[in-house]
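Presented below is the structure to which this report refers.
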Amino acid sequence: MTFPPFLFGALILLRSGSFTLLTNMSDSQAMSCISQGERNLFAGMRTVFRSIGTAIASYATGILLASKHYTMPFLFTAAIILVGYAFFLIWVRPLFLAQVKEARPYLT
């Protein structure tokens, strides 16, 4: 049984759109937590580290696919997404909640 190409294309578009939405929302929230004077530094560091991560992931995926480990890139991606989510819950989310509490004390 083969996977229908139109369904694969629709799922890829849905995945790409949802990750773009998530990235834009998290970048916006992160920028709001940073003081005005440090935003340029944050934007530069975010771009550099994102580019480095993309380069490393592309290289590692190429090595895995060349060695015929076709499921490993997906497993590594799932693991990295889970680690990123845990990082968000443990360190980033408390910062967002503290900022909301400070900006709107009537909500607490």
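So here's what we get for this one:
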| item | result |
| --- | --- |
| Output for region 13-33, where each listed residue is farther than 19 Å from residue 84 by Cβ and either exposed (fewer than 10 other Cβ atoms within 10 Å of the Cβ) or at pLDDT below 90 (or both) | 32 |
| Selection count where residues are within 16 Å of the chain's Cα centre (by Cα) and either of a type in the set (Lys, Arg) or at pLDDT below 85 (or both), scope region 34-46 | 1 |
| Selection within region 66-108 - among the polar types (S, T, N, Q) and under 29 Å from residue 31 (Cβ atoms) | 77, 99, 108 |
| Filter result (surrounded by 11 or more Cβ atoms within 10 Å (Cβ to Cβ) and not in a loop (DSSP other than H, G, I, E, B)) within region 64-73 | 64, 65, 72, 73 |
| Test for residue 82: is it in a helix (DSSP H, G or I) and surrounded by fewer than 11 Cβ atoms within 10 Å (Cβ to Cβ) | yes |
| Residue that is without any contact (Cβ under 8 Å) to a residue 24 or more places away in the chain and under 30 Å from residue 96 (Cβ atoms), where the choices are 30, 57 | 57 |
| Filter result for residue 54 (assigned to a helix (DSSP H, G or I), touching a helix residue (DSSP H, G or I) at 6+ places or on another chain (Cβ under 7 Å) and outside the structural domain of residue 96 (by TED's automatic domain parsing)) | no |
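The values are calculated or read from the model by the stated rules, or taken from the named source; none is laboratory data. Note that the structure is predicted; figures quoted are calculated from it, not measured. No Cβ is skipped: glycine too gets one built from the backbone with ideal geometry, and neighbour counts run over all protein chains shown.
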